[in-house]
There are 2 protein chains.
Amino acid sequence: MDQREQAITFAHQNKDRFLKELIDLTRIPSVSTNPENAADMMKTAEWLTDELRKRGCKNVQIMPTAKHPVVYAEWLNARAEKPTVLIYGHYDVQPEDPVDLWRSGAFEPTIEGNYLVARGASDMKGQIIAVLKAIESIQAVGEFPVNIKFILEGEEEIGSPNLESFIRQNKDLLKCDFALNPDSGMIAPEIPTIVYGLRGLAYLEIRIFGQKGDLHSGLYGGVVENPANVLCQLIAGMKDSDHKVTLPGFYDRVRPLSEQERSEFTRLPLDENFYLKGTGASKLVGEKGYSWCERATARPTLDVNGLYSGYIGEGSKTVLPSYAMAKVSMRLVPDQDPEEIRQSMAKYIEMNLPDSMRYELIVHAGNPASITDINTPYVKALASALETVWGTRPVYKREGGSIPVVGHMKEILDASSVLTGFGLPSDNIHAPNEHLDLSVWYKGIDSLIHFFYNL
Amino acid sequence: MDQREQAITFAHQNKDRFLKELIDLTRIPSVSTNPENAADMMKTAEWLTDELRKRGCKNVQIMPTAKHPVVYAEWLNARAEKPTVLIYGHYDVQPEDPVDLWRSGAFEPTIEGNYLVARGASDMKGQIIAVLKAIESIQAVGEFPVNIKFILEGEEEIGSPNLESFIRQNKDLLKCDFALNPDSGMIAPEIPTIVYGLRGLAYLEIRIFGQKGDLHSGLYGGVVENPANVLCQLIAGMKDSDHKVTLPGFYDRVRPLSEQERSEFTRLPLDENFYLKGTGASKLVGEKGYSWCERATARPTLDVNGLYSGYIGEGSKTVLPSYAMAKVSMRLVPDQDPEEIRQSMAKYIEMNLPDSMRYELIVHAGNPASITDINTPYVKALASALETVWGTRPVYKREGGSIPVVGHMKEILDASSVLTGFGLPSDNIHAPNEHLDLSVWYKGIDSLIHFFYNL
C-alpha cells in the first residue's frame, strides 16, 4: 500500500472523528454581521489556530483587521521544486434568521440521515475541515508533499470589507504559486466541479441633467428636451435586438471561448430548464450564437440595475424632470478592461447626448474578470483527483458573478485560483436548515488527499 | 353721453373706493390649504355675498362642499334674447410663505407707487373685484344688459377637489351660455390677452413586470430580459428624432391649427428667448414644423414624468429588477380623446413588449383639451372691449396646461369658457410680495364694462 492509499485508509478510519470535529466547529455561532457574536468570531479563530498548530503549521497567527481577524498559517517544508498553495477559506457564517424555520437550532448541529444540519456546515466550515482533515490524513502516514499557506477570513458573509487591504499589506507573506478556493461547490452530487473563471463587473451610474430645475409640463411641455426620455433613448441604444451590446469597442478585447471550453460547457446541466427554474422567468432571452450557460457565465452582459427620474410616488405629478439617473452594470469576461469599458460608455453617451444636456458617469465597481487556464498543472492535479474519487471527469465551469478575493489574489499576488468544493446547490446555504451531504463530503476529503499528492 | 360712457365715468370717479374695497378683501387671509384659516374662508365668502347682494343679485348662497364653500349668486332679469354668463372665480389664496420675504405682511395690503402689494391682489381677488365693480358701474347708470351667474370657489389653490362634483350636483342651477373666467391674465401690460384654448392631459403609468422576483445579475445576467431595459426601449420608441409622437394614431384626431390661429400666434411674444428664459434650458427642442409657442401650447406632447426600477439608493446593488415603472403624460389638443390615447398606448406596448413580460397601464388623468372658437360672439365681445380700452387688438393665446374647471364646464354644462384677466406675469403670484398693477386693473374694469355692453 503506497502512502496515498494509506492516507485514504486513515481518512476512512477516522471519518466519525472528522465529523465530530466539524460538529464542534459549527457549534460556534460565528455570525460576522452580528456585533453580539464578536467573542464567537474570536473563539472560532482560536479553534482554527489550535487545529492548524496540531497540523504542524508554523507562524500561526490571528491577524487583526478593522473588523474580524484573519487566521494565517503556513507549512513550507516541502522539497524546493514543489509549489506553494495558498488555501483560502472563511470561518464566518450567515445569520440564523429566520430562526423559527430551523428544525433544530442553527448552532445545534444535528445528524439527519446522511446530512449534517447546521449553519456553516456547507458554507464553508465543512469545506475548511475537509482540507484540514485531508492534510491530517497525509501527515499521519508521511511527509506532506507541498508547501501550504492558509488565509482564513472572518468577513466573507459581509462582503470582505478588509480583505483586499489585508492581502495588499501582507503581499510577501501570502506569496504563492496558486490559490485553492474550496468555496464554490458542485453542480450535483455525482458531478465533481471545477470553477476556472469568474466574470468581472463594471458598475456605472449615469446621471443626465437637463434644464436647471423641474418644470411644469403644462407650461413647457413641447419645447424642452426631457432628461428621462433622453436617458431611455440612451439605454435603449446600448443593446441591439440580438442582445449584443453596442457600446463602441465593447467586444474588442473579449477572449474567444476555446473549442475545449465550449465542449466542456456542453457537459454542464445548465440548460434552458435550469435557468427557467432558477430565474422564475416565463421565457429566457440572450445573445445570439451562444448557449444558455455561455450567456450566463462566459459572455459579457449589460443590464439596468436601477432607474430614477422625476416623481415616483402615488398618483401623478405633471413635472418635467431636470434630472434622470440609471445604474447600469456590465458583467465582463477576459480580457475586457473595466476602465476601457467606462471610457466606451462615456464615448457612447457623448456621441448620443443632445447638446442641451449634461452628464456625469460615476464608477461604483470596476473589476476585471478572472480566469485560470484549465490546462495548468494545478487544475490538472485537481481534475485528476476528482476523477479518481468520483470515477467521472469533472466538469469545468465559469461563474457568472465575481468573487472579489479571486480578483485580489490575481491582481495583488499574481496568483490564479482553482475553485472547487463539496457543497451542493440543494444545501440551503444562507437559508434555514443549511446542511452538508456527508457522503459527498467524505469523497471530498479523499479527493483533496489525491490533489495534494498529485501536485 | 350714452350709458356706456356714463358707466365708464362712474368707474373712474369711484376708483379710489374700488381700490379700498379690494384692500378690504385682501386683508382677509383666505388661505385654503391652512385649516387655521377656516373662519377666514367663511368671512371671505360672507364679504362676497354681502357685495353680491348689494349688486342686486338674487339667490345669493354660501353653498357647502366637503371642504370650503362655493359662493353662488345670479341676476337673471335681462331681456329674453340676452345670453347668460357664468362668471367663475376663486376667493382662496396661496399661503404667505416664505413670510420673511414680504416687505410688509402678506395680509397687510400696501400701496407701493402704482402697485397694490398683497396676497391675492392679482390671483385673483383683484380680478373678482374688477368684475363686481364693472357690474356696479353699469348698474349705477341703468339696467344691467345680460344675465349673470357667479360661481366663486374656495379651493382653487388646493386643486379644486370638490368643484367637479359641485358642478355636477348643481348642473341646472349653473346652466349658462358661456363662462367668463378672468383667472388667466395678460402677457404684458400693453397686450390685452384672450385665452381660448387649453391642452388636455392623458397621464398614464406603465408598469412592466418580468420574472417573479429580483435576481442576482452575477448568477443570471445574460439569460433574462430586464424590465428596466425593456421599459427604456418602449419609451425610446414613443417619439422619433423630429419629436413626433409615434404611438399608433396619436395625431389622427388632432384638429389642424387654422391659418387665423397661426397668424394670431405670430403676434405673441412667445419666442425662443421667452422659453429659454422661462425654462432655464441651455437649448430648446420641439416638434418639426411648428413655432415655439405652438409647440408649448397648441401641439400635443409626450413626456416622462417619473421613472423607477430596481435599486436607486447610494452606491450599487447588482440586482436584475423584476419590475420597472414609468409615469408618462401626454398633453392633448383638440380633438384628441384621452381614452383613445390610452388605447393607443396599450396597443403600442402590446406590439412591442417581449413575450416574457407582462404590463399594466394605470390612468392617473384623462382630460380632453378645451377650445373656444375665437369667432363666437362672446369672444368677439371681449376682444372688442379690450381693443376699445387698450387701443390695440388683443392677442389670442392657447395655454399649454389644463384648467380643470374649464373642462368641467364644457363637459357637464356644455359651456365654453372665455379666459382673460388683468394680472401680469411679473405679479409674483404664489410668491412673496404678490402685487397688482393698478393702472392695468383700472383698464380691466373699463374693458369689462364694455364687454357686458357688447354682449
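Every number in this text was worked out from the coordinates using simple rules, so none of it is lab data. Predicted, not measured: the structure shown is a model, and the values here were computed from it. Cβ placement follows ideal geometry from the backbone for every residue including glycine, while neighbour counts extend to all protein chains displayed.
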Ratio of Rg to Rh for region A:279-368, alpha carbon only, Kirkwood? 1.04
For residue B:172, inter-copy label-point distances (7 Å, Cα→Cβ), nm, shortest first, read 10.1
In nanometres, what is the gap between the two model label sites at residue A:267 and residue B:393, each 7 Å from Cα along Cα-to-Cβ? 8.8
Using only alpha carbon pairs under 8 Å that are at least six residues apart, calculate the relative contact order of region B:174-252 and give it in whole percent. 14
Which percent of Cα pairs goes in each bin when the distances of chain A are cut into 20 angstrom slices starting at zero? 23, 50, 23, 4, 0
Unpartnered cysteines - no second Cys beta carbon under 4.7 Å - across chain B: B:57, B:176, B:293
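Using only the C-alpha atoms of the protein assembly as shown, find the volume of their convex hull and express it per residue in Å³. Before the final figure, lay out each step's value.
Numbers: hull volume 171.4 nm³, N = 910.
Measuring per residue, one finds 188 Å³ for the Cα hull of the protein assembly as shown.
Under the rule of -39500 (n - 2.57) per DSSP H run of 4 or more residues, summed and divided by the residues of chain B, what mean residue ellipticity at 222 nm is obtained, to the nearest 500 deg cm²/dmol? All intermediate terms of the calculation are to be shown ahead of the outcome.
Details: 14 runs with 153 residues, N = 455.
Mean residue ellipticity at 222 nm (helix-derived): -10000 deg cm²/dmol.
Averaged over B:289-297, how many beta carbons belonging to a partner chain fall within 10 Å of each residue's beta carbon? Walk me through the numbers on the way to the answer.
Details: counts 0, 2, 1, 2, 2, 2, 5, 7, 5.
For peptide B:289-297, the averaged partner shielding equals 3.
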Below 8 Å between Cα atoms, with a sequence gap of 6+, how large is the relative contact order for region B:48-145 in percent? 22
Quick calc: nm separation of the 7 Å Cα→Cβ label points for residue A:103 and residue A:5 -> 3.9
For region B:113-155, taking Cα atoms only, what is the radius of gyration to one decimal and the Dmax to the nearest whole Å? 13.2, 37
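If you count the DSSP beta bridges with both ends in chain A, what percent of them are antiparallel, to the nearest 5?
Values: 47 of 66 bridges.
The answer is about 70 percent antiparallel.
Work out the P(r) tail for region A:1-147: percent of alpha carbon pairs separated by more than 24 Å, whole number. All intermediate terms of the calculation are to be shown ahead of the outcome.
Values: 4048 of 10731 pairs.
Everything past 24 Å amounts to 38 percent.
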Work out from phi, with θ = phi - 60° and the Karplus expression 6.51 cos²θ - 1.76 cosθ + 1.60, the ³J(HN,Hα) of each residue of region A:353-363, listed in order in whole Hz, and give x for Gly and Pro. 6, x, 6, 8, 10, 10, 9, 10, 10, 9, 9
Between residue B:259 and residue A:53, with labels modelled 7 Å along Cα→Cβ, what's the label distance in nm to one decimal, could you check? 10.4
When you look at the Cβ of every residue in A:311-323, what mean number of other chain Cβ atoms sits within 10 Å? 6
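Hey, what did chain B get for relative contact order, percent, Cα under 8 Å, at least 6 apart?
Working: 908 pairs, mean separation 115.8, N = 455.
Once divided by the residue count of chain B, the mean separation gives 25 percent.
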One decimal, nm, nearest first: from residue B:237 to the same residue in each other copy, label points 7 Å out along Cα→Cβ, the values are 1.8
If you place +1 on the Cβ of every Lys and Arg, -1 on the Cβ of every Asp and Glu, and leave all else neutral, what size is the dipole of chain A about its Cα centre, to the nearest 20 Debye? 500
Using each residue's phi in region A:407-414, evaluate 6.51 cos²θ - 1.76 cosθ + 1.60 at θ = phi - 60° and report the 3J(HN,Hα) Karplus result to the nearest Hz, with x for Gly and Pro. x, 5, 5, 5, 5, 8, 9, 6
What three numbers, in Å, describe the spread of the alpha carbons of region A:312-455 along their principal axes, ordered from the longest? 67, 38, 25
Step through the residues of region A:433-445 one at a time and calculate ³J(HN,Hα) from phi using the Karplus curve (6.51 cos²θ - 1.76 cosθ + 1.60, θ = phi - 60°), rounding each to whole Hz and writing x for Gly and Pro. 6, 3, 8, 10, 7, 5, 5, 5, 4, 4, 4, x, 4
